[in-house]
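Reading through the structure tokens given below for one structure.
The values are calculated or read from the model by the stated rules, or taken from the named source; none is laboratory data. Just so it is clear, the structure is predicted and the values come from calculations on it, not from any experiment. Cβ sites come from the backbone with ideal geometry, for glycine too, and all protein chains shown count toward neighbours. With ligands, DNA and RNA removed, areas are computed over all heavy atoms of the protein, side chains included. Shrake-Rupley method; radii C 1.70, N 1.55, O 1.52, S 1.80 Å.
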Amino acid sequence: MAGVDDRTAAARGIDPTQAHPARRYNYWLGGKDNFAADRASGDELERLFPKVRLGALANRALLQRATRFLAAEAGVRQFLDIGTGLPTADNTHEVAQRHQPDSRIVYVDNDPLVMVHARALLNSSPEGRTAYIEADLNDPGAILSHPVLHDTLDLKQPVGLMLIAVLHFVHGDGAAKRIVSDLLDALPSGSFLVATHATSDFGSPEQQALYRQLVESGRSDVWTRPRDEFADLFEGLDLVDPGVVPASEWRPEPGAVIPDRSDINVWTAVGRKP
């Protein structure tokens, strides 16, 4: 792994023997900030579901398009990005500040390795600001009460809440709705929710059964949700066209080739709080 060996990682509270979603995602995106356990986990899932890497790439591209929409078209200048992951090209603050240089971004992640790389995330434009909180999505109260959040963002002004490929690590039917509701309740009118979520909706019955077995046996930490449960996360919000669609179908770039939905398996939506 680049930058952090096993002994250094252990000293920083990172367990290199346990796969972590942020590092596995980094591996699928072609990054080098991952350990053997992360690569083994990624390879196993890719062996069983060969298009999973394509879904990760589509998800990342969606983050960039949705951030551009919020900054360039909706005029949003504040972003709360939970489940940041490890830095790669065109992070949220880079896209936002390209269009609105005074944008402010707070990143949140529970992987200590992200903190190791925080300097890469904290290179803000001179006019804007970025900050990082090490916290867990499962405890939205800790995020919302964190002094760094309040020092960086003005919660009386609209905020873009970015929940990209993170809610599917919240296990249990209906469990994600409470977290999303708590976060949105703290944000003012004019704020936006951008979310993506893994789904088994487009898999064959055999693939769906196989995936349930992986989750039940602990071989996958991704709790997929169907379209209706994902759409319910946007209850009370005004959906931005084209509504709830796979990641590759939300305002694709002109001329983009749209993969089969079964190749992506990621629901996406953007909603505005009235």
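General remarks:
- Condition broken by A36, with the remaining ones in (1) farther than 16 Å from G218 by Cα; (2) at pLDDT 75 or above; (3) in contact with a helix residue (DSSP H, G or I) (Cβ under 8 Å, 6 or more places away or on another chain) satisfied: (3)
- Positions within region 59-76 being small (G, A, S), open to solvent by 10 Å² or more (accessible area, probe 1.4 Å) and under 29 Å from D263 (Cα atoms), in sequence order: A61
- Qualifying residues in region 252-266 (those that are part of a loop (DSSP other than H, G, I, E, B) and in contact with a Phe, Trp or Tyr (Cβ under 9 Å, 6 or more places away or on another chain)) - the one least open to solvent (accessible area, probe 1.4 Å): N265
- Residue in region 229-248 that is among the hydroxyl-bearing types (S, T, Y) and within 26 Å of D182 (Cβ to Cβ) present: no
- Residues of region 165-191 classified as hydrophobic (A, V, I, L, M, F, W, C), in contact with a helix residue (DSSP H, G or I) (Cβ under 6 Å, 6 or more places away or on another chain) and modelled with pLDDT of 95 or more, total: 6
- S145 hydroxyl-bearing (S, T, Y) and either buried (at least 16 other Cβ atoms within 10 Å of the Cβ) or touching a Phe, Trp or Tyr at 6+ places or on another chain (Cβ under 9 Å) (or both): no
- Filtered residue count, region 37-48, keeping only those that are buried (at least 19 other Cβ atoms within 10 Å of the Cβ) and either over 23 Å from L137 (Cα atoms) or among the charged types (D, E, K, R) (or both): 2
- Given (1) under 16 Å from V116 (Cα atoms); (2) open to solvent by 70 Å² or more (accessible area, probe 1.4 Å), number of the condition N34 does not satisfy: (2)
- Only one of the numbered conditions (1) open to solvent by 20 Å² or more (accessible area, probe 1.4 Å); (2) at pLDDT 95 or above; (3) within 21 Å of A186 (Cα to Cα); (4) not charged (D, E, K, R) is violated by P101, and that is (3).
Residue by residue, here is whether (1) assigned to a helix (DSSP H, G or I); (2) crowded, with 16+ Cβ neighbours inside 10 Å holds:
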{"residue": "P126", "(1), (2)": "no, no"}
{"residue": "I133", "(1), (2)": "no, yes"}
{"residue": "D151", "(1), (2)": "yes, no"}
{"residue": "Q157", "(1), (2)": "no, no"}
{"residue": "M162", "(1), (2)": "no, yes"}
{"residue": "A165", "(1), (2)": "no, yes"}
{"residue": "D173", "(1), (2)": "no, no"}
{"residue": "V180", "(1), (2)": "yes, yes"}
{"residue": "L184", "(1), (2)": "yes, yes"}
